[in-house]
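Every number here is computed from the coordinates shown, using simple stated rules; none is lab data. This is a predicted model, so every value here is computed, not measured. Glycine also receives a Cβ, built like all others from the backbone with ideal geometry; neighbour counts cover every protein chain displayed.
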Number of protein chains: 2
Amino acid sequence: MVKIAVLGYGTVGSGVVEVIEKNADMVNKKSGEELEIKYILDLRDFPGDPYEDKVVHDFGVILADDEIRIICETMGGVGAAYEFTKKALMAGKSVCTSNKELVAAHGPELLALAKQNCCNYLFEASVGGGIPIIRPLNYSLTAERIEAVTGILNGTTNYILSKMEYEGADYADVLKEAQEKGYAERNPEADVEGYDACRKIAILSSLMTGKNVDYRKIYTEGITGVEARDFEYAKRLGMSIKLLAIGREEGDKTLAMVSPFLIPGGHPLHMVNGVFNAVFVRGNMLGDSMYYGRGAGKLPTASAVVSDVIDCARHLGKVIMCFWDAEEAKLMSIDQVKRRFFFRVKDQGLDLAKELFSNQLEEVTLADGAGERGLITPVLSEADFAGRYEKLGDAKAGRRLRIEE
Amino acid sequence: MVKIAVLGYGTVGSGVVEVIEKNADMVNKKSGEELEIKYILDLRDFPGDPYEDKVVHDFGVILADDEIRIICETMGGVGAAYEFTKKALMAGKSVCTSNKELVAAHGPELLALAKQNCCNYLFEASVGGGIPIIRPLNYSLTAERIEAVTGILNGTTNYILSKMEYEGADYADVLKEAQEKGYAERNPEADVEGYDACRKIAILSSLMTGKNVDYRKIYTEGITGVEARDFEYAKRLGMSIKLLAIGREEGDKTLAMVSPFLIPGGHPLHMVNGVFNAVFVRGNMLGDSMYYGRGAGKLPTASAVVSDVIDCARHLGKVIMCFWDAEEAKLMSIDQVKRRFFFRVKDQGLDLAKELFSNQLEEVTLADGAGERGLITPVLSEADFAGRYEKLGDAKAGRRLRIEE
């Protein structure tokens, strides 16, 4: 019998309880021992809940109980969650979390703490919800030098972009609908500005490099400003627009960035629609592989937390391999990254655009014209493109988009 | 230092040596110890090869050497490979293999033998080459009740079908080209008749159920008889034709089958083209997830073998969890499985077809007509469909295809 505690009885926390209850036979078999939820920490009471009598309000009770070997941290945030996690690990209790903010902010410290105390800090649920991606990176692709990780890592923005693509709808309308349906928060900034994807790619890039990729240093651009008209051009080009989070080894440096991209029809990420997410991984031996599934949601995320609990239960007193050092990864500036760009100009700016880009632009026109053109540059560095593009001044229409080949 | 032996210096075996050499720093770091290839078993000599002096011809040398803790079995077949694997495991040496025939034929026995001798029998490379799928099933989806596994598991047939789809080419021509390019064997039976996919789905279904799914009892149909014209209909329907291998829990029984299927455009397996393979998994908590990558090839397959070697190196003397009992899984007959079917009739058979299927057929016509029609049935059991279809006699055109929704 292994006794566990759940911190935070919200969406994911109650999902953890549900998964352990509903799949008890499977979970116990895979754990090699019976799991029992002994405490649920929450500020609230839950009268009438079948787990009512497990609810405690004081983390001290859990910390002091030697029977508790594994803790699920499903509170979120970097305040109390950080404090509780540190205390738990120092007491030799393993912690399994869905808290991407905390993992991105303090991953190496918490991993080191776990190691010192012969327990584990696992975070499969922190990236990609129901997509097993942390464990494949840590345990499956072990013979690989991972060269790049490219992900659609945020369900809300992917839902919005898919809706815009299939319904020709405007960003503001789709966002409003997503908020009404509960797919987007009332304050959608963390999702639509790319901050959520930024933390997730910080975690994945750190695991890729084995060093710490500081999420605060990742170039991050959100999906605001993407217009229905951009999707019309994308369609003409046989492309889609996705918010991509990229981590890539470039010599001895690491490129990490989040931005909306045009991606071509043949790319496996092209078909990742709605609330689904996916992570595309390039290794030096196995080439391309991809991991696809639900990026969020109560039960998928909870299932990932419970898979970590099972891993902890099977490794009580042993440290599970994870390479993520505190040493900072050298991030490269995006200025020198080369790619093609798409942008739009008003008809009267076409000649200026041609001149600025030395007559090397590919033109895309929509059926209705709409007084503007779409243009695709040859491969240019970010800095080179930006310098030329800026000079277009008022002739610009809409926002420019990067193209991921 | 962990010393290993490689059995068979062919494509995969030499790939294993290459991966361990090229990614030595990564492989040693992840193993926690340095790996050294001490022996390579092959009947041939390899004069001039950098590993020439490691080559031995007698398995007894490897078996008798107590320094050898891990063996890579990349010989294939169920003769010598079976004998050597048993002897190695009985001597407490872990075995990592890419040999799907042996795993499908003797998996539970070899796993039990490994357990008895405190070592491991790992086979990540036996299914899906470079796609991590065995380890995700065994270690990641542990909190799930897996309900279904649907895979495109054979690179040769997927290459042939993709070529037919994109080039409108005939089966015989594409097969010939694939043979010339080395993508298909001179005797292509194992691939095109579905025998290879059958062994792979036997392995995946066994891991899904935890019991033994006997590959000899799996309903298996290959891609011969699929015609260029079938792809014309598929295109009209917005569908693709793929050789699917399916394992599915149906009450207390398991459905396992291999067959070409029409699959709709929105299905994630729809975009899996060429030599790529993918496995689609449905769990009761996380819903759908998919694992995509190169299904075969020297380095992807070798990378999977080496990931197993690393796992063994980290677990010397310990047994890694794998639930695959010798107890036979109860397989259901496909007769009662219900789905829609597509078939073609000559124009003169249309009225008979309508009558046989109670006027419930959906009609699909090609631009050139070609003296035939495509017809789609409502949802029917296999037995019900077959009974009616058989009565069409000479009015049938081409072969019928199942539809996977």
Query - Anisotropy class of region A:285-405 from Cα gyration tensor, a/c 1.5 cut - result: prolate
Query - Inter-copy spacing of A:Ser381 label points, which lie 7 Å from Cα along Cα→Cβ, given in nm from shortest upward - result: 7.0
Query raised in the report: Mind checking which of A:Leu102, A:Leu356, A:Leu244 has the largest fluctuation in a GNM of chain A, springs on alpha carbons under 10 Å?
Result: A:Leu356
Query - chain B: angle of helix B:11-22 to the longest principal axis, Cα-based, in degrees nearest 10 - result: 60 degrees
Report summary line: Expressed as a whole-number percentage, the relative contact order of region A:334-403 with C-alpha contacts under 8 angstrom and at least six residues apart is 52 percent
Report summary line: Lys and Arg at +1, Asp and Glu at -1: neighbours of A:Gly317 with Cβ under 12 Å from its Cβ sum to +4
**Report entry** Global form of the protein assembly as shown, assessed from the alpha-carbon gyration tensor, a/c cut-off 1.5
**Finding:** rounded
Query raised in the report: Under 18 Å Cα-Cα from B:Lys253, which lysines qualify once same-chain neighbours fewer than 8 residues away are excluded?
Result: B:Lys211, B:Lys217, B:Lys330, B:Lys338
Report task. Find every distance from the label point of A:His57 to the corresponding label point in the other copies (7 Å from Cα along Cα→Cβ) and write them in nm, one decimal, shortest first. Result -> 8.2
Query - Most fluctuating residue given options B:Lys163, B:Lys115, B:Lys54, as computed from a GNM of chain B linking Cα atoms under 10 Å - result: B:Lys54
Report task. Let me know the shape class of region B:187-244, please: from the alpha-carbon gyration tensor, a ≥ b ≥ c as square roots of the eigenvalues, rounded when a/c is under 1.5, otherwise prolate if a/b is greater than b/c, or oblate. Result -> oblate
**Report entry** Loop chymotrypsin sites (Phe, Trp or Tyr not before Pro), region B:85-147, which have at most 13 other Cβ atoms in a 10 Å radius of their Cβ (DSSP)
**Finding:** none
Query - For A:Glu327, label point 7 Å along C-beta direction: distances to other copies, nm - result: 5.0
Report task. Would you mind checking the pairs A:Lys38/A:Lys318; A:Lys235/A:Lys391; B:Lys86/B:Lys200; B:Lys176/B:Lys396; A:Lys115/B:Lys93; A:Lys181/B:Lys242 and listing those with alpha carbons more than 24 angstrom apart? Result -> A:Lys235/A:Lys391; B:Lys176/B:Lys396; A:Lys115/B:Lys93; A:Lys181/B:Lys242
Report task. Mind telling me which of A:Leu35, A:Leu392, A:Leu243 comes out most flexible in a GNM of chain A, alpha-carbon contacts under 10 Å? Result -> A:Leu392
Query raised in the report: Lys/Arg Cβ at +1, Asp/Glu Cβ at -1, dipole of region A:334-403 taken about the Cα centre: which of A:Leu366, A:Leu392, A:Ile334 is farthest positive-ward?
Result: A:Ile334
Requested in this report: Return one number: the angle in degrees, 0 to 90 and rounded to the nearest 10, between the long axis of the Cα atoms of helix B:298-314 and the longest principal axis of the Cα atoms of chain B.
Outcome: 50 degrees
Query raised in the report: Ranking B:Val309, B:Val275, B:Val27 by Cβ neighbours within 10 Å, fewest first, what do you get?
Result: B:Val275, B:Val27, B:Val309
Report summary line: When B:Glu232, A:Glu21 are arranged by how many other beta-carbons sit within 10 Å of their Cβ, fewest first, they go A:Glu21, B:Glu232
Report summary line: Of the convex hull drawn through the C-alpha atoms of region B:16-163, the volume per residue in Å³ is 172 Å³
Query raised in the report: Exposure proxy check: A:His270, B:His57 ranked by fewest other beta carbons within 10 Å?
Result: B:His57, A:His270
Requested in this report: Determine which chain A residue has its Cβ at minimum distance from the rotation axis mapping A onto B, giving the value in whole Å.
Outcome: A:Met271, 2
Requested in this report: Please give the contour-minus-distance gain from B:Glu362 to B:Ala112: 0.36 nm per residue of separation, less the Cα-Cα distance, rounded to one decimal in nm.
Outcome: 84.8 nm
Query raised in the report: Which distance in nm do the two modelled labels at B:Tyr166 and A:Glu390 give, with both placed 7 Å along the Cα-to-Cβ direction?
Result: 4.1 nm
Query raised in the report: How far is helix B:171-181 tilted off the main Cα axis of chain B, in degrees rounded to 10, range 0 to 90?
Result: 20 degrees
**Report entry** Calculated log₁₀ intensity ratio I(q)/I(0) where the Debye formula runs over C-alpha points of chain B, q = 0.12, 0.14 Å⁻¹
**Finding:** -0.94, -1.19
